[in-house]
Amino acid sequence: MPIPEDVTGHEIDKDVQQELQSLPKGLAEDVAKNLVMVANLIDEDPEQAYAYSKIALRLASRVAAVREAAGFAAYANQKYSEALAEFRAARRMTGSVELWPVMADCERGLGRPEKALDMAGAPEVHKLDKASQVEMRLVAAGARRDMGQIDAAIVTLQSPELASNSVQPWTARLRYAYADALLAAGREDEAREWFAKVIESDKDGSTDASDRLAELDGVEFVDALGDDETDGADEAPAAAQDTSDDDKD
């Protein structure tokens with residue numbers, strides 16, 4: 001597969017570069033370039049990222065970073081069985097537990113939420129850093145929801161990290177999961193409150209919390225121009241229409 005000329009392979013993390021030093025120089029460069037393509041494409045074009053990951057895997061299957069990249073590429077394409085196999089291989093090579101939450105989420109993807117919950121209670125969780133522990137909590141709550149245990153999911157998400165006013169990289173996602181679970185439980189007022197808190201912490205707009213909150217408040221965004229109206233387009237691009245019960249006669 002073609003690789004842009006401006007991709008040198010040096011863009012990857014230093015730790016990965018160090019892993020690749022076990023390979024002949026030319027091979028290491030080829031693998032690095034393919035790993036860069038995986039990283040660049042995994043969000044916007046996961047299928048292409050997956051294709052590049054398969055090339056890297058064919059070239060250097062005994063490198064843990066390659067197995068991990070292949071796992072994430074498969075995971076992004078909902079190939080959970082394949083992703084789990086790659087994550088397990090990477091873990092065997094490194095002895096690290098950092099992939100434990102995503103491995104548990106693969107179990108969810110394979111329709112085995114009970115297995116994900118078992119992993120959430122395993123000793124490995126205590127070895128995770130704070131961010132990964134929060135991720136594990138999110139996976140466990142998702143598993144509870146998979147099993148129809150909405151109230152248990154809500155309790156699972158209740159934690160010091162959720163209660164904290166400090167905004168961390170995981171804060172928006174944790175609050176969003178909690179708000180969504182509350183809404184699923186029919187606790188609409190509380191859900192509205194927590195979606196508002198998501199907006200406060202979601203500086204990058206990575207969630208659709210503002211849309212969810214607007215929906216709860218009965219605000220519907222509509223095109224201000226009818227299908228047959230073309231004049232004055234610059235003056236009225238869009239309007240917000242309140243469809244709440246209070247304004248209906």
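The values are calculated or read from the model by the stated rules, or taken from the named source; none is laboratory data. This one's a predicted model, so the numbers in the text were calculated from it and none came from an experiment. Here the Cβ is made from the backbone with ideal geometry for all residues, glycine too, and neighbour counts use every protein chain on show. Heavy atoms of the whole protein, side chains included, go into the accessibility calculation; ligands, DNA and RNA do not. Shrake-Rupley method; radii C 1.70, N 1.55, O 1.52, S 1.80 Å.
When the residues of the range 55-110 are filtered to those that are of a type in the set (Val, Ile, Thr) and assigned to a helix (DSSP H, G or I), which remaining residue is nearest to Arg144 (Cα to Cα)?
Applying the first criterion (of a type in the set (Val, Ile, Thr)) to the range 55-110 yields 55, 63, 66, 94, 97, 102.
This time we only want the ones that are assigned to a helix (DSSP H, G or I), so: 55, 66, 94, 102.
Values: Ile55: 37, Val66: 32, Thr94: 30, Val102: 16 Å.
Among them, the one singled out is Val102.
Go through the range 169-210 and give me each residue that's at pLDDT below 95 and part of a loop (DSSP other than H, G, I, E, B).
Hits for the range 169-210 are Pro169, Trp170, Asp202, Lys203, Asp204, Gly205, Ser206, Thr207, Asp208.
Only residues that are within 23 Å of Asp15 (Cβ to Cβ), open to solvent by 50 Å² or more (accessible area, probe 1.4 Å) and acidic (Asp, Glu): list them for the range 84-120, please.
The one that is within 23 Å of Asp15 (Cβ to Cβ), open to solvent by 50 Å² or more (accessible area, probe 1.4 Å) and acidic (Asp, Glu): Glu98.
With respect to Val63, is the statement that it is closer than 23 Å to Arg92 by Cα and either without any contact (Cβ under 8 Å) to a residue 60 or more places away in the chain or in contact with a Pro (Cβ under 9 Å, 6 or more places away or on another chain) (or both) true? Working first, answer last.
On the way: closer than 23 Å to Arg92 by Cα: yes; either without any contact (Cβ under 8 Å) to a residue 60 or more places away in the chain or in contact with a Pro (Cβ under 9 Å, 6 or more places away or on another chain) (or both): yes.
For Val63, the condition - closer than 23 Å to Arg92 by Cα and either without any contact (Cβ under 8 Å) to a residue 60 or more places away in the chain or in contact with a Pro (Cβ under 9 Å, 6 or more places away or on another chain) (or both) - is met.
From the list Asp146, Asp189, which residue is touching a Lys or Arg at 6+ places or on another chain (Cβ under 9 Å), of a type in the set (Asp, Glu) and open to solvent by 60 Å² or more (accessible area, probe 1.4 Å)? Step through it out loud before you land on a result.
Numbers: Asp189 fails: touching a Lys or Arg at 6+ places or on another chain (Cβ under 9 Å).
Matching residue, one of Asp146, Asp189: Asp146.
List pairs: first residue in the range 162-177 and closer than 13 Å to Val139 by Cα and open to solvent by 50 Å² or more (accessible area, probe 1.4 Å), second residue of a type in the set (Asp, Glu) and modelled with pLDDT of 95 or more anywhere in the structure, Cβ distance under 9 angstrom, at least six positions apart or on different chains.
Sorted first by the residue in the range 162-177, then by its partner, the pairs are Arg173/Glu135.
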